[in-house]
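To start, the structure itself, in C-alpha cells.
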Amino acid sequence: MDTIRIMFICTGNICRSPLAHAVFEHKVRKAEVHGIEAESSGTDAWHVGEQADPRMRRTAADHGVKLNHKARKLHRNDLADYDLLLAMDRDNLRNVLSLCRSESEREKVRMFRDFDPEGTGDVPDPWYGGPEGFELVWSLVERTCTGLLEEIQRGRKPA
Ligand code: 4NP
C-alpha cells in the first residue's frame with residue numbers, strides 16, 4: 001500500500017494547521033490506519049520555530065489532544081513531496097497555489113473543509129479573537145479530520 005502524505009497549511013502554523021495535524025494523527029492512530037503521514041506548515045514565516053499558540057494548546061488539551069509541533073514555513077518543494085495539501089482559508093489557498101509549478105501540483109491543493117461533512121469554507125483565523133474562536137476552530141477541525149480520514153479509507157477500499 002502506498003503511503004499518503006498530507007500537509008495541513010495555515011498562515012502562521014501556530015494555531016489551525018498544528019491542531020489539524022495533531023487531531024488527524026490522533027484519529028489515524030486510534031483507527032489503527034497505516035500508510036498515512038501528516039505534517040503542517042504556514043504560508044508565512046513570522047513564527048517559525050515556535051510552539052503552537054498557548055491558547056490553541058490549551059483548547060486542544062481540554063479535548064484530550066497534545067500539540068507538540070514547531071512552526072515551519074511551507075516550502076515550494078512540499079508541493080512535490082506531499083500528495084494532498086490542505087489550506088485552512090482562501091488566502092492560504094491562493095498563496096499555496098502561487099507556489100505551484102505545474103498542473104499536477106495544483107491538483108493536489110484543496111481547501112481543508114472540502115472534507116467537512118457539514119459544510120465548506122474557511123477555518124477562520126482565531127489569532128485576534130477570544131476563546132470562542134479557538135473553540136470554533138476545534139469543532140471545525142475535529143469533524144473535518146473525521147471526514148478526511150473516512151474519505152481516505154473509502155478511496156482505499158478495493159472496488
Ligand atoms: P494560524 O493563525 O494561521 O492559524 O497559525 C495565525 C497566527 C499568527 C498570525 C496570524 C494567524 N499572525 O498574524 O501573526
| Using just the C-alpha positions of the chain as equal point scatterers, what log10 of I(q)/I(0) does the Debye formula give at each q in 0.11 1/Å? | -0.39
| note | Across all Cα atoms of region 1-77, Rg and the largest Cα-Cα distance (Dmax), in Å, are 12.6, 38
| note | region 82-156, Kirkwood Rh and Cα Rg, ratio Rg/Rh at 1.01
| query | Leu93 accessible area, nearest 10 Å², 1.4 Å probe? | reply | 40
| For region 73-125, what is the convex hull (Cα atoms) projected area averaged across all directions, in square nanometres? | 3.8
| Give me the Kirkwood hydrodynamic radius of region 31-115 in Å, from all C-alpha pairs, to one decimal place? | 14.4
| remark: In the chain, whole DSSP H helices that both stretch 24 Å or further along their axis by alpha carbon positions and average at least 1.6 on the Kyte-Doolittle scale are none
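The values are calculated or read from the model by the stated rules, or taken from the named source; none is laboratory data. Keep in mind that this is a model prediction, so the values were computed, not measured. Surface areas here come from the heavy atoms of the whole protein model, side chains and all, with no ligands, DNA or RNA. Shrake-Rupley method; radii C 1.70, N 1.55, O 1.52, S 1.80 Å.
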